[in-house]
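Below: one structure, written as structure tokens.
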Amino acid sequence: MKPKCLRLEKMLAAQIEILAPVLRPSTLRNYRCATLRFVLHLRTVFPDLQHLGQLRRDPHLLSWFRSLWQPDSPSRAPLSNSTRRQHLVCIRRLFDDLLVNGHDLPADLIRRDDFPPLPRYLPRPLSPDDDRLLQQQLRTQEGSPALALRIMRATGIRVGECIDLSVDCLRQIGPDQWALHVPLGKLHSERLVPVDADVRAIVARLLTLRTHQISDSPVDTAWLLPRTASSRNVWYQLLRRALKQAAQSAGCPAPVQPHQLRHTFATEMLRLGVSLPALMRMLGHKDIRMTLRYAQITQQDLQREFYAARGKTTHSHRVPELMNSTTTLPGFTGVQQAVHAARHLMEMVRRGLDNERQRRKLQRLEKRLADVLSHLLRLETEK
């Protein structure tokens with residue numbers, strides 16, 4: 001006998017197929033997994049449920065929420081907050097689309113308060129001492145894995161982006177100015193990361209080693225790290241194992257993961273004075289809030305910044321001037337500089353006002369300008 005909720009399952013599956021052409025394969029798998037878990041729960045707990053119109057927040061959705069918080073079996077851990085949140089996002093999107101298309105479905109089945117909070121992972125850069133010891137250890141090794149790890153540390157690229165570097169990844173963008181072309185990665189965007197002579201020498205060495213590796217076995221000749229069509233995951237394991245062994249040999253107290261090299265690069269760049277917008281572009285982020293999460297500000301950094309700021313208090317503060325048409329820099333840079341100056345002047349005016357109502361209005365306007373700056377940064381990144 002067929003389950004009575006089969007019609008419900010078919011409608012959800014049909015809606016997924018409508019979305020399929022615009023979804024990435026991984027996202028499509030997430031939709032199907034969430035739907036399967038949802039339908040299986042309804043089959044088990046509410047076998048009499050047949051139509052979408054019969055769905056109710058209480059008891060159907062609330063019961064499913066509770067099931068997501070419980071492990072499938074005593075031997076398995078419960079779903080993480082990220083996975084549970086992902087399931088709710090998928091099912092809510094399907095409900096919203098079905099409702100827009102005129103299906104008889106109650107609104108507000110899944111609410112904002114139902115979503116579990118996402119975990120806030122703290123950045124885990126290597127300490128300066130561990131970083132120095134690890135880099136020294138990697139420089140003593142001549143194999144391709146060690147060279148690839150050195151590129152990751154010097155540029156902050158992800159492990160998957162390093163594996164996908166092409167043989168012509170070095171690009172000359174000016175006299176004695178070179179950049180590493182990072183292909184489409186996690187956020188489906190590509191970028192150019194500035195590199196120095198050391199990185200160029202590492203790439204040259206990899207190209208030399210690659211020549212011998214290609215002659216020994218048939219591999220795809222497009223990649224800087226040669227591989228066959230089905231061996232991409234082999235490089236993941238190889239780089240993880242090489243980094244673990246190098247960290248142990250260097251005397252690092254804790255296991256080191258490849259992504260920690262990216263955190264270490266970001267923290268080092270901030271300490272050297274690189275601005276957040278520039279670092280965001282180097283890391284390939286689309287939101288500056290993600291860049292802030294990557295950078296670790298230690299107590300020593302706070303002390304240094306504090307005393308550096310106090311040392312400037314004897315100098316008069318110069319209010320930035322709005323540039324006229326003859327001095328405006330071209331493109332996004334000029335617009336951003338003008339908005340920065342406008343925000344500063346508006347804040348100075350606000351502080352001098354006694355009318356609280358006017359002060360609040362200026363504060364709201366300043367926040368709007370902050371949003372304008374955020375959008376400008378995104379447009380410049382897309383460009």
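Values in this text are rule-based calculations from the coordinates and carry no lab data. As the structure is a computational prediction, the values presented were derived from the model and not from experiment. Methodologically, a virtual Cβ is constructed for each residue, glycine included, from the backbone with ideal geometry; neighbour enumeration extends over all protein chains shown.
Values as computed for the structure displayed
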| item | result |
| --- | --- |
| Per-residue ³J(HN,Hα) for segment 24-30, Karplus 6.51 cos²θ - 1.76 cosθ + 1.60, θ = phi - 60°, Hz, x for Gly and Pro | 6, x, 5, 5, 4, 5, 4 |
| Mean shadow area of segment 128-263, taken as a quarter of the surface of its Cα convex hull (nm²) | 8.5 |
| Protection proxy ranking, peptides 131-137, 57-63, average beta carbon neighbours within 10 Å, highest first | 131-137, 57-63 |
| Hz values of 3J(HN,Hα) by residue in segment 149-161 - Karplus curve (6.51, -1.76, 1.60), Gly and Pro given as x | 5, 5, 5, 4, 5, 7, 10, x, 6, 6, 5, x, 5 |
| Among 141-147, 42-48, the order from most to least packed when residues are scored by Cβ within 10 Å on average | 141-147, 42-48 |
